[in-house]
Every structure is written in C-alpha cells, then in structure tokens.
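The block underneath contains the structure these notes are about, expressed in structure tokens.
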Amino acid sequence: MQFIHREAACAIEAVFLKRYLLCVFFAFFLYMPWTYADDAKKSNNSTKSGGSVASNPADVNYETGTGELGKLIGFTDKSGIRIGAAWAGDTNYLFCGGAKPHKWSGNSLFILDLKLDLDILLKIPGASVGAQFLQFNGSSTNVEAGTVQGYNSLPGSPPLTRTELYQLWWRQELFNQKLIIRLGKSCPNFDFNNVISPIPYSDPTKAIPVVTSVIYTTIFVNGSMLGVLPGYYNSAVGITVSFTPTEHYFLTAGCYDGSGATGRQTGIKDPRFKEYYFSIAETGFTWEYGPQKMPGKFGIGAWNQSGLLKIPNVVTQKGTQGVYLYGSQRLWFQHPGKDDSGILGFFQYGINNSKVLPITAYAGGGLTALGLVGNRKDDSFGFGFAYSKLNRRLGFRPSELLLQGYYQAKLSNNFIVEPVLTYIPTPGASIPPPASNPSAAPTTLKPAWAATVRLIALF
C-alpha cells in the first residue's frame, strides 16, 4: 500500500511540476521582452544575436570570463595581461524518483583566470602562459538522482569541496599559428570531443556561438570516455599539439597523466607518470552548406588508456581503447545576412572496449534555438538527450536515458540565468540489497524529475 501511495505521489508531483514550470516560463516570456524592450531598440543595428554561453564556464575553453576584471584594475588589451573570472551556482530539486526523492541540493563554482602574453611582455613571439585557480563547493546532486551520466555537470567525483590549481600551461604558436603546442596542467576535454565549442567565422551573422547550453555532464565529456579523459575538475599534466594547415581542417593529438583512470584525483594531486598514460588524437573539418552557407563541424577521434584497470574483486583489464565522433550544423537562419538567430543541431557518439568504465557506448544530440524570443535576441533555449549503455559489472541497469530542456536568459553582459528541467526515465544506478540479505536483487530506481536554476556571472 505504501508503494502505491509513493507512486501516486510521484505522479501527482510530476503533473504539478509540468504545470508549475509552464506557468513560470509563460510568465517569463511575457515579462522579459517588455522589460528589455528599450535595450533591444538601442541594439537593432547590431549584427550580433544569440549570445548564449556554456552552462559550465570551467569546462569549455582555456580563457574564462570576459577579462573585465583585469581592466578594472588597470590592465588594458595592450598590456599583455588578462585577468578574468567566472562564477556558476545552482539550486536543484529532485521532485520524484531517483535514489533520494524530494531532495534539495546546491553547487558553487568559482574560477580565477590569468593569461600572460609573452610576445608583449618578454618579446617571445607566439608564446603565452596561463594559470587558473578553482574553488568548488557542491553536493551529491547526481548521486541523489541515481544518474550515471550526470544531469548536472558541476559536481563530479569526491571531494565535493576542493581548492586547486586548475591549470598552469605554456602555449607556443609556430608557423603562422598553424602549429600550436601546449605543455603543462590543462583540461584535454577542451581540445577533444568539444561539441559545444563555437565555430569561428569572420562574418558574425554566420557564426555559431556556443552550440548548446544543456547542463548534463556528457555534453562536456563523451560518456564513453567518462573516467579516463582528464577534464573538469580533474585536470592533468601533459602535452597537446594542434595542427591547422587550412581554415577548415584540424588535427590534434595529446598525451597526459592517466592515473585518473584509477580514481586518483589528478586535479588536486601531483602528476604521476608511471604505467598510466592517456593518449588521444582527433581530426575534423568545418564547412558551409547550401545557398545560405550554413556552417557545420565534424570531428572523429580515437584514444588509449594504458595501465592495469580493475573493478576490485570483479574484473581486471590491461588498458582500454575507444573511438568517438561528433558534429554540429546550422539548420536555419531566421534573418539571413542580418543576424545569427535561428536553429542549429548537434550529435555525439562514442564506444569503447572497456570492462571497467561505467559507460561502454554513448549517443547524444539535440537542438538549440538562438534569438527567437521577441526582443530577447541574446537568449537561447534548447533540448538535449543522452543515452548510454552501462557496465553491468558495476551493478548498473543495462542503459540510461536522460532528457533535458533549458532556457538561457542573458540579463546583462555579465549575468546569465538558466532554468533547466531534466527527466531521467531509466536512472542507471540501483540501491544495493541490505546487509541482512546480500543475495537479494538490487532495487531498480524509479523515473526521476529534477529542476535546476543556474546563475552564471562572468567578469
């Protein structure tokens, strides 16, 4: 009887959630165009719209923030010193389902970024140095929802409170920027499988800004590489080499400390180059399609993780490998030649031969709408899905599906707010049997509904 009551309560809460969010979004759409109508009129001549940003500012590229922080303390663009900062915080509520329904959780991420242009400061052509400080205070948001893929990209592996030197690298440009070498502590997921990165074009009306602003983890690291590819917030020491012989073709390769595959927290630990190495290579190209020359991008890569990997008392494996691919494509321009408002799509795929990683195959994709809401030309909204085949040796169910929708509103040049709704019909984790009956089958988790409100500040 209690089970029936719980199921009925979950269904009622799901209906309430849908109606509540519809009311919130309806009010939001009515309010925002009028609130910023004057600002929109002032910018009618602008060629730029759809100013979307990534939902996790520490998981996208090597420069964080707008650089305004440095300008406030006197460093101009010609000084050779750039200081930027970003903060992202969110509140999450798990309405029903998952491992711990009716739970609130919160996360806070702060990044302080310093970049030195050594061409200006020391007359070393094409050289620069970067460093980043990271402070994270978070909750077990994904664990509570029972998701293996992670519906919220801010919290990762414990410890969930950490202070670390996130990045420290030397970057060298050679042969008129066709060859770029980066050496030091960095985040390889910026360079590999970065499906959300913008496609640079000289014509701002064709440029793709951030491809999507979904917040789930596997948009930043392909699910098939989850647990081996260094990245937020477990950066790693290594080398990255990028070769771009033409405007539309690229080839990138790298080798890094791979001890993170053993669960070692490389973000807060010293590098360890003994047995465990992570090597990866990717190639791809960009193009313009159709009479409107709609831009697109495609990338494909392969990786290898060395060393002895294991699930204690279950299975051992000597190294593991995988392949992946991704792409994005502008699908429609609302005002061809006038601004970049319209619709674009993206996809991801990856597979590995691992016996120990949580995900053995992954597929994802989605759609993004830019500048389509009234006078809110810098707003965006979109949808994404993530589907993973899971490793049953870890006690997971066969697969997990995650669906997510969002609306990102640009309040000003520095502040962005993003409400997000997530539905996980098949949470991958399960509740182990009680110690009193260890032979019993694990409890399968019920479908989960979660709401998130994220605020991003860039300086």
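How much length is gained on full extension from Thr91 to Thr163, taking 0.36 nm per residue of separation minus their Cα-Cα distance? Walk me through the intermediate numbers first.
Numbers: separation 72, 0.36 × 72 = 25.92 nm, distance 2.09 nm.
Extra length from Thr91 to Thr163 when fully extended: 23.8 nm.
Over the alpha-carbon set of segment 182-333, divide Rg by the Kirkwood Rh and report the Rg/Rh ratio to two decimals.
Numbers: Rg = 17.2 Å, Rh = 16.7 Å.
Result: Rg/Rh = 1.03.
Given +1 on the Cβ of Lys and Arg, -1 on the Cβ of Asp and Glu, and no further charges, what dipole in debye does segment 144-264 carry about its Cα centre, rounded to the nearest 20?
Details: 7 positive and 7 negative charges, 34 e Å.
That gives segment 144-264 a dipole magnitude of about 160 debye.
Where Lys and Arg each count +1 and Asp and Glu each count -1, what net charge lies around Thr76 among other residues with Cβ under 13 Å from its Cβ?
0
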Within segment 79-188, chymotrypsin sites (Phe, Trp or Tyr not before Pro) in DSSP loop having at most 12 other beta-carbon neighbours inside 10 Å: Phe175
Local electrostatic count, Ile424, Cβ distance below 12 Å [Lys/Arg +1, Asp/Glu -1]: 0
Computed accessible area, Thr262, all protein chains, 1.4 angstrom probe, square angstrom: 80 Å²
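How big is the convex hull of the Cα atoms of segment 364-459, per residue, in Å³?
On the way: hull volume 12.8 nm³, N = 96.
So the per-residue Cα hull volume is 133 Å³.
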Cα→Cβ-extended label distance, 7 Å offset, between Asn137 and Trp104, nm: 1.6 nm
Residues Leu179 and Gln292, FRET efficiency given R0 of 41 Å [Cβ-Cβ distance, rounded to 0.05]: 0.80
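What FRET efficiency do you get for Gln321 and Thr66 if R0 is 41 Å and r is their Cβ-Cβ distance, rounded to the nearest 0.05?
Details: r = 39 Å, r/R0 = 0.96.
It comes out at approximately 0.55.
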Debye log10 I(q)/I(0) for segment 264-320, one point scatterer per Cα, at q = 0.15, 0.24, 0.29 Å⁻¹: -0.68, -1.03, -1.12
Histogram of C-alpha separations across segment 288-381, 5 Å bin width, %: 3, 11, 16, 14, 12, 9, 9, 8, 7, 6, 4, 1, 0
Net length gained if the chain between Thr244 and Arg392 were fully extended (0.36 nm per residue, minus Cα distance): 49.2 nm
Neighbourhood charge, 9 Å Cβ-Cβ cut-off, centred on Glu144 and excluding it, Lys, Arg +1 and Asp, Glu -1: +2
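Assuming R0 = 56 Å, can you tell me the calculated FRET efficiency for the pair Ile124 and Phe383, based on Cβ-Cβ distance, to the nearest 0.05? Kindly include the intermediate steps, with their values, before the conclusion.
Details: r = 46 Å, r/R0 = 0.82.
Calculated value: 0.75.
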Most positive-pole-ward Cα, Gln305, Ala361, Tyr349, against dipole of segment 261-372 from beta carbon charges: Gln305
Over 18 Å [Cα-Cα, segment 140-257], rounded percent: 61 percent
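The values are calculated or read from the model by the stated rules, or taken from the named source; none is laboratory data. No experiment lies behind these values; they were computed from the predicted model shown. Using ideal geometry, Cβ is built from the backbone for each residue, glycine included, and neighbour counts are taken over all protein chains shown. For accessibility, only protein heavy atoms count, side chains too; no ligands or nucleic acids. Shrake-Rupley method; radii C 1.70, N 1.55, O 1.52, S 1.80 Å.
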